[in-house]
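Report on one structure; see the data block that follows.
The values are calculated or read from the model by the stated rules, or taken from the named source; none is laboratory data. Note that the structure is a prediction, hence the values are computed from the model and not measured. Cβ atoms come from the backbone with ideal geometry, glycine included; neighbour counts cover every protein chain shown.
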Amino acid sequence: MKTRQKLFIDTFIGNVLALLLNPAVRLLGFILHIDHSLDKPFKTIVVSKYMGMGSIIQTTPLLQTLKVNYPQARIIFVTNTTNKALLEHITAVDEILTLDDTGILKVFLSMSNLIIRLWKRRPDVFIDLEIYSNISSLITSFSLATNRFGLFKNDKKYRMGLYTHMMYFNRKSPVSEAYLQFARLLGCKKIITKLSTFNLSEQEKENSDSVLLNLNLEKGKYIVINPNASDLRIERRWPAQNFIGLLKKMTEELPGYKIVLIGAKNEMDFVKAISSTNKTVIDTSGKLSLVNLIYLIGNAALLVTNDTGPMHIGFAQGTKTLALFGPCSPDQYGNTGNANVIYKNVYCSPCVHEFIIPPCKGDNQCMKLISVEEVWKELTKSLQVTNLSRNFSETILYESNHTLGQVFRT
């Protein structure tokens with residue numbers, strides 16, 4: 001099931017169910033007088049994020065923080081089935097529960113099964129990191145978690161009845177810090193802000209070494225190019241013709257580096273249309289496992305990528321990364337010390353958190369305005385320096401013992 005179809009179901013079915021559930025949850029809470037205080041040694045903490053590989057990677061500071069501050073607690077992550085393989089390599093997660101969203105019927109059958117599994121685990125805290133999903137709100141409510149944390153947007157006020165604690169979602173703040181506000185609200189003393197690297201077994205590393213050997217790649221002597229963007233927001237793609245122009249320049253002027261293109265199976269045709277114009281590049285689209293991809297990116301001299309999942313893998317693995325931004329703000333999703341960012345701050349950008357279908361309807365001028373010459377200049381600069389760094393304006397996250405951004409129920 002495509003992302004747009006999932007959003008349609010969530011908007012027109014999930015929204016109605018969430019609105020109906022809201023008064024029932026409020027009434028039940030009023031009758032039972034449940035204690036929602038947070039100064040307790042919680043035993044079971046659930047974190048949910050269903051969509052977006054990159055966003056899941058950005059949850060790792062929160063997950064590590066929870067693990068350090070609640071060492072006896074079981075950390076459970078709830079996500080879509082497609083993200084399970086990624087989470088299996090994040091050490092702070094003790095258990096993964098999944099929702100199958102590959103079809104309309106499967107969503108609701110899987111949702112029922114997921115809720116039953118959550119009941120058995122009796123969560124003390126449930127942190128829902130989805131900002132738009134009504135299905136996510138329903139699962140959080142039906143989990144019967146004592147404390148239910150959610151992100152607040154003004155156009156989703158009904159969520160105030162479904163969650164016991166809400167945090168304002170600030171689009172100008174790095175998303176990992178937005179997630180960490182929940183840890184601060186819990187009173188966590190030690191806050192970890194660095195993204196977690198992926199835990200690969202020795203066998204997985206050996207297998208990936210064999211893949212590099214078969215591709216005739218030497219660690220640190222190749223550049224990875226990711227021309228893709230998931231259908232969650234396809235407008236994040238830099239035009240194919242621009243990638244073709246960049247590859248031509250790279251093969252002519254960087255003979256010491258091999259060039260590797262990546263992509264998922266459903267992106268193979270798009271990648272092949274680019275790689276077929278240049279016989280010297282290596283096209284691995286549709287051929288690598290997730291572990292192989294993580295290892296490939298982790299040992300590259302540089303990753304050049306649109307704002308999408310592999311970019312966040314590069315951030316987590318500490319690979320020097322040149323990231324091209326448009327529909328999203330780099331201040332929100334490019335918060336890392338090893339990135340060089342190109343961003344055209346056009347009037348309608350960032351649009352991601354305001355529209356399901358962007359105002360441009362695919363005519364992404366924010367990406368088209370980035371020139372080949374500009375990317376080439378920053379690419380060569382990125383290769384020459386030892387460490388990349390960006391300057392961010394500091395965000396004040398708390399004042400004394402008060403966590404800023406909490407939205408109180410009435």
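Things to note:
- Residues of region 302-332 satisfying the condition of being part of a loop (DSSP other than H, G, I, E, B) and either surrounded by 23 or more Cβ atoms within 10 Å (Cβ to Cβ) or not charged (D, E, K, R) (or both): D307, T308, G318, T319, G326, P327, C328, S329
- Residue within region 280-301 that is surrounded by fewer than 20 Cβ atoms within 10 Å (Cβ to Cβ), closer than 20 Å to I342 by Cα and at pLDDT 95 or above present: yes
- When region 28-52 is limited to residues that are of a type outside the set (G, A, S) and surrounded by 20 or more Cβ atoms within 10 Å (Cβ to Cβ), the one that is farthest from L151 (Cα to Cα) turns out to be T44.
- One residue from I127, I135, I96 being hydrophobic (A, V, I, L, M, F, W, C), within 19 Å of V407 (Cα to Cα) and under 20 Å from the mean Cα position of the chain (by Cα): I127
- Pairs where the first residue, in region 338-362, is over 23 Å from L129 (Cβ atoms) and in contact (Cβ under 8 Å) with a residue 40 or more places away in the chain and the second is of a type in the set (V, I, T) and surrounded by fewer than 19 Cβ atoms within 10 Å (Cβ to Cβ), C-beta under 8 Å, 6+ apart: G362/I234
- Enumeration of residues in region 209-247 that are at positive phi and in contact with a strand residue (DSSP E or B) (Cβ under 9 Å, 6 or more places away or on another chain): N216
- Index of the failed condition, E235 passing every other in (1) in a helix (DSSP H, G or I); (2) at pLDDT 95 or above: (2)
- Complete set of residues in region 92-136 that are closer than 23 Å to V68 by Cα and either not hydrophobic (A, V, I, L, M, F, W, C) or not assigned by TED's automatic domain parsing to the domain that holds L185 (or both): D94, E95, R121, R122, P123, D124, D128
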